[in-house]
Amino acid sequence: MPQHLRGGAVTAREWWADGERTLGTALGRLVPHEYAEPSLLPGWTRAHVLAHVAGNADAVTNLLHWARTGVETPMYPSAEARDAEIERRAALAPPELEAEVLAATRELAEAVASLPEEAWTAEVRTFQGRTVPATEVFWIRAREVWVHAVDLDAGVGFADAPEELLAAVVDEVFGAWSRRGAVPAVTVFAGDREWGSGGVAVAGSLADVAGWVTGRTAGEGLRCDGPLPALPRWI
């Protein structure tokens, strides 16, 4: 969970609940032929995004099973298995895919509601290999549902997300770049928030910054003292 996040798991749990509702709203706006159309995530259709969202719900439910039982239950068996499941679900007819998204989301909500209080401090491991307390699942899922609700391009934008959540997403992007030694030579400003220390200054709203650094936009709405630089991938 991002270090600056005020309220910790309590705040992230609220973001998760609101994000699931927002994703459901975006899903409900889609008509069947739109599932096969491109999403805002390069290379993926809307069906791929929804398939991933369903798989992520299953994966987070696995972590809660691990926390409850103490039996190691990885989010995904492997990257290859995760990708194959995305392709399987993306090929489903739209009503079947919608049903799988809703079922996976419902099972996750039931797992959250039934987890004993003492199990929330149990340690589990994310797909990236970090060992975290089970409370981290709220941030993991909140980030997924909000960003992918935007990816569906169905009337939800980054401006609809809580500002602190967007700041946490930008924190995570810069953190991912830093771990790979790939931080671009930029300093990004959004109000009184600042990321990076490079020579190219980029400024704009938090929503526009989040869209750019996550690779969902080309930087529309941002101001720069030169051409906007190319950015590394987020994940």
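A search for C-beta distances below 6 Å between a residue of the range 16-36 that is among the polar types (S, T, N, Q) and any residue that is assigned to a helix (DSSP H, G or I) and modelled with pLDDT of 95 or more, counting only pairs 6+ apart in sequence or on different chains, returns 22/149.
Being more than 17 Å from residue 39 (Cα to Cα), at pLDDT 95 or above and either surrounded by 15 or more Cβ atoms within 10 Å (Cβ to Cβ) or assigned by TED's automatic domain parsing to the domain that holds residue 213 (or both) is a description that does not apply to residue 152. Looking across the range 180-203 at every residue that is touching a Phe, Trp or Tyr at 6+ places or on another chain (Cβ under 8 Å) and either of a type in the set (S, T, N, Q) or part of a loop (DSSP other than H, G, I, E, B) (or both), the one that is surrounded by the most Cβ atoms within 10 Å (Cβ to Cβ) is identified as 183. Hey, among 177, 195, which residue is of a type in the set (Phe, Trp, Tyr), outside the structural domain of residue 144 (by TED's automatic domain parsing), under 25 Å from residue 19 (Cβ atoms) and touching a helix residue (DSSP H, G or I) at 6+ places or on another chain (Cβ under 6 Å)? Just a single option satisfies the conditions, and that option is 195.
When restricted to residues that are of a type in the set (Lys, Arg) and part of a loop (DSSP other than H, G, I, E, B), the range 6-62 contains 1.
Looking only at the range 123-149, filter to residues that are charged (D, E, K, R) and outside any helix (DSSP H, G or I); which one of those is surrounded by the most Cβ atoms within 10 Å (Cβ to Cβ)? So, considering only residues that are charged (D, E, K, R) and outside any helix (DSSP H, G or I), the one surrounded by the most Cβ atoms within 10 Å (Cβ to Cβ) is 125. May I ask you to verify whether residue 205 is of a type in the set (S, T, N, Q), within 20 Å of the chain's Cα centre (by Cα) and more than 30 Å from residue 79 (Cβ to Cβ)? Against the criterion (of a type in the set (S, T, N, Q), within 20 Å of the chain's Cα centre (by Cα) and more than 30 Å from residue 79 (Cβ to Cβ)), residue 205 qualifies.
The values are calculated or read from the model by the stated rules, or taken from the named source; none is laboratory data. Everything quoted here is computed from the prediction, not taken from an experiment. Here Cβ is always computed from backbone atoms with ideal geometry, including for glycine, and neighbour counts include all displayed protein chains.
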